[in-house]
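The values are calculated or read from the model by the stated rules, or taken from the named source; none is laboratory data. Note that the coordinates shown come from a computational prediction; the quantities given were computed from them, not determined experimentally. With ideal geometry, Cβ positions are generated from the backbone for all residues, glycine too; neighbour counts draw on all protein chains shown.
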Amino acid sequence: FYPFQIGEREYKLSELATVEKGQMPQEVAKENQQYRLCLQYEYIGSSEQGNKLLKKDLEEFNEILPMGYTAKSEDNNWSWGGKDNKQYRLLLIVIAIIFFITSILFNSLKQPLAIIFVIPVSYIGVFLTFYWFKLNFDQGGFASFVLLCGITVNASIYILNEYNSVRKRFPRLSPLRAYVKAWNTKVIPIFLTVTSTILGFVPFMAGMEKEGFWFPLAAGTIGGLIMSVIGVFIFLPVFTLKKKCLVKPKAML
């Protein structure tokens, strides 16, 4: 009796393998009448790219494994551990550096705080984009955070610097009128910067295949930039001007 046939030739089991009794290694577990050996490896990169690499490795392993052996993945979840939280600490350091630089530039503590408070508004756009597109938040999302810090702060600095310049040139001008004048002066460069940046990231989102790192970076940056325009337009004057400046006083009879 020849139980195995390869091509046109039949083989006996003794011709292909030997069966003997031995001591099983302690690290090999047995489950459902099958021996299981777990292999682990570390991968540094985006979760989507890691899943692609894992799938490719499993296909290659299953092609070369002998009969009766299978390789499969039981857990495809990828997440940052506690050690990766230091990246968010670096983000706080970036915000602190922005605060100190703008404090020196404007010689004020209130205006830098107004600039810093606009940054989380742009982050809302990042979170909404990742939620709507069902993307995994990985290094691409974190990179979009850092990029949005610079672009959002850049737009706010343009407006506040022009606002301070207008107040110096026209001391009798009300703060609200001075802010509107500064906004009208800098609104075109701001919108051109935002639009050109968005168009620059559109090619990374083209195509059916969502590339790791670049697609989340582009999607998060575009969503954050759109929300940053709303933040600069609405929240920056709220944080900068006093309440009595935003409300037009009633005419006295």
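Please tell me if residue 124 is surrounded by fewer than 16 Cβ atoms within 10 Å (Cβ to Cβ), farther than 26 Å from residue 178 by Cα, modelled with pLDDT of 85 or more and not charged (D, E, K, R).
yes
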Residue 179 passes all but one of the listed conditions (1) closer than 30 Å to residue 48 by Cβ; (2) in a helix (DSSP H, G or I); (3) aromatic (Phe, Trp, Tyr); the exception is number (1)
Selection from segment 214-241 of residues more than 18 Å from residue 195 (Cα to Cα), aliphatic (A, V, I, L, M) and in a helix (DSSP H, G or I) yields 234, 236, 238
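Let me confirm something: among 244, 210, 248, which residue is assigned to a loop (DSSP other than H, G, I, E, B), more than 30 Å from residue 48 (Cβ to Cβ) and at pLDDT below 90?
On the way: 244 fails: assigned to a loop (DSSP other than H, G, I, E, B); 210 fails: more than 30 Å from residue 48 (Cβ to Cβ).
Within the list 244, 210, 248, the selection yields 248.
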Kindly establish whether residue 168 is charged (D, E, K, R), surrounded by fewer than 15 Cβ atoms within 10 Å (Cβ to Cβ) and touching a residue at least 60 places away in the same chain (Cβ under 8 Å). no
**Report entry** Yes/no for residue 135 being surrounded by fewer than 18 Cβ atoms within 10 Å (Cβ to Cβ) and among the aliphatic types (A, V, I, L, M)
**Finding:** no
